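Read through the structure below, which is laid out as structure tokens, and then see the notes.
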Amino acid sequence: MNVRQLIQILRYKLKYGSTVEWYNFWYIILQKRQNIIPKVASIDETIKKIITSHCSVSRFGDGELLLTNPNKDIGFQKGNQHLSQRLKEVLTSHKEGHIVCISDVFENLYRYNRKSRRFWRTHFFLYGSYWDQFLTPGQTYYNTFVTRPYMDFAQKEDSVRWFRTMKGIWNDRDIVFIEGEKSRLGVGNDLFDNVRSIRRILCPPRDAFDRYDDILNEARKLEKDVLFLIALGPTATVLAYDLSQAGYQAIDAGHVDVEYEWWRMGAKRKVKLERKYVNETADGNQVADAGEEYSKQIITKIS
């Protein structure tokens, strides 16, 4: 990283920090609250649901919600009308064999660290009306933090149990990762050491939804008893839903592998990983070679 890049990063952090503090201040002063406070299952309940019912999982965080507006973009996915419509369809769905996960941040924010609390207050101040528009009162949603069970929590003692129990989801399964080109789930750790086999479909790391039909068609060529684990941003949210309707079990796995790496390191903040793309850190797209075994697992590459 050169001096110019460092200055740009510092400027961004200062601007971001001041903006977040401003919205936090008004969120607290105005005592902003959501009109709909959804019931969100715990991480333990979510893991148990997936294991016992073999259901598919679509997750909605701040980015997926933002993209329900076709005029919004996030860092690695530009918005458009088609993606907006599909995300709305998934968020309001009630399909058998498929669950919708949302972030468990509507109450008791003090479970999370200060940075996370500030982020979510800002999010609700700006975009809380989006949630009120799409959430169904009385419906039980499941917990999107099932794939983020470490970094954002103030107390991290439960992380070891969550990581251990979630391995039951893919125990003795033939799994297929549908992931960004540099995501590399499981490379260099033992998170998936209890699976039967691993194959990989590599996809564009940015604007993957532009190649959505190609990605879906490649996935549907595979046998129905595979378990898809998808790390592909908002595209994963829609893809898990569509694969579920096609008779597969597909899980939007999000950042679970990155979180596992940070937990193993005992990291106190989000840090760059040597062999995996981390979109939330500076220079996170600069990665080393993933090794020969990883290369052998790739069955398709969609660029």
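Since every read-out is calculated from the coordinates, none of them should be taken as a lab result. Worth saying up front: this structure is predicted, and the values here are computed from it rather than measured. Virtual Cβ from ideal backbone geometry, glycine too; neighbours counted across all protein chains shown.
Grab the beta carbon distance between Lys296 and Lys78, set R0 = 51 Å, and tell me the FRET efficiency rounded to 0.05.
Values: r = 33 Å, r/R0 = 0.65.
E between Lys296 and Lys78, to the nearest 0.05, is 0.95.
Quick one: putting +1 on the C-beta of Lys and Arg, -1 on the C-beta of Asp and Glu, what dipole do you get for the stretch 151-303 around its Cα centre, in Debye to the nearest 20? Each step should come with its number before you reach the end.
On the way: 24 positive and 27 negative charges, 52 e Å.
It comes to approximately 260 debye.
To the nearest Å, what is the center-to-center distance of the stretch 116-179 and the stretch 71-100, using C-alpha atoms only?
16 Å
Dipole of the chain (Lys/Arg Cβ +1, Asp/Glu Cβ -1, origin at the Cα centre): which of Ile74, Tyr16, Gly291 lies farthest to the positive side?
So the residue furthest toward the plus end is Tyr16.
From the backbone phi of the stretch 209-225, what are the Karplus-calculated ³J(HN,Hα) couplings (6.51 cos²θ - 1.76 cosθ + 1.60, θ = phi - 60°) in whole Hz, Gly and Pro given as x?
With the stated coefficients, the stretch 209-225 comes to 5, 4, 10, 4, 4, 5, 5, 4, 5, 5, 5, 6, 6, 8, 5, 6, 8 Hz.
So if each residue of separation counts as 0.36 nm, and I subtract the Cα-Cα distance between Asp190 and Asp289, what length gain in nm does that give?
Details: separation 99, 0.36 × 99 = 35.64 nm, distance 1.83 nm.
Gain on stretching Asp190 to Asp289: 33.8 nm.
What net charge is computed for the residues neighbouring Ile201, neighbours being all others with C-beta under 9 Å from the C-beta of Ile201, Lys and Arg scored +1, Asp and Glu -1?
Numbers: positive: Arg199, Arg200, Lys301; negative: Glu179, Glu218.
Result for the neighbourhood of Ile201: +1.
Students often check this: by mean Cβ neighbours within 10 Å, which of 200-207, 97-104 ranks highest, and how do the rest follow? All intermediate terms of the calculation are to be shown ahead of the outcome.
Numbers: 200-207: 19.8, 97-104: 22.2.
In descending order of packing, they fall as 97-104, 200-207.
Please rank Leu66, Leu109, Leu185, fewest neighbouring Cβ atoms within 10 Å first, as an exposure proxy.
Leu109, Leu66, Leu185
Suppose each label sits 7 Å from its Cα in the direction of the beta carbon; what would the Glu96-Lys224 distance come out to in nanometres?
1.4 nm
Mind checking the dipole of the chain: about its Cα centre, +1 per Lys or Arg Cβ, -1 per Asp or Glu Cβ, Debye to the nearest 20? Provide the component values of the computation, followed by the final result.
Details: 46 positive and 38 negative charges, 203 e Å.
Computed about the Cα centre, the dipole is about 980 debye.
Give the calculated FRET efficiency between Lys115 and Thr165 to the nearest 0.05, with a Förster radius of 35 Å applied to their Cβ-Cβ distance.
0.85
Given Lys72/Lys182; Lys48/Lys72; Lys39/Lys301, which pairs have Cα atoms separated by over 31 Å?
On the way: Lys72/Lys182 25 Å; Lys48/Lys72 35 Å; Lys39/Lys301 39 Å.
Listed pairs above 31 Å: Lys48/Lys72; Lys39/Lys301.
Just want the answer: with Cβ charges of +1 for Lys and Arg and -1 for Asp and Glu, which residue in Gln85, Val105, Ala41 is farthest toward the dipole's positive end in the chain?
Val105
So for each of 117-126, 17-26, 171-180 I average, over its residues, the number of other beta carbons within 10 Å; can you give me the resulting order with the highest mean first?
Numbers: 117-126: 18.8, 17-26: 13.1, 171-180: 20.5.
Result, highest mean first: 171-180, 117-126, 17-26.
Give me the number: length gained by fully extending Arg275 to Ser42, i.e. 0.36 nm times residue separation minus the C-alpha to C-alpha distance, one decimal in nm. Provide the component values of the computation, followed by the final result.
Details: separation 233, 0.36 × 233 = 83.88 nm, distance 3.13 nm.
Working it through step by step, the gained length comes to 80.7 nm.
In nm, to one decimal, how far is the Arg4 label point from the Lys88 one, both placed 7 Å along Cα→Cβ?
It is 4.3 nm.
Which net charge results for the neighbourhood of Asp283, defined as the other residues with beta-carbon distances under 14 angstrom from its beta-carbon, given Lys and Arg at +1 and Asp and Glu at -1? Before the final figure, lay out the partial values.
Values: positive: Arg4, Lys182, Lys270, Lys272, Arg275, Lys276; negative: Glu274, Glu280.
Net charge in that neighbourhood comes out at +4.
What distance in nm lies between label points placed 7 Å from Cα along the C-beta direction at Leu30 and Leu216?
3.8 nm
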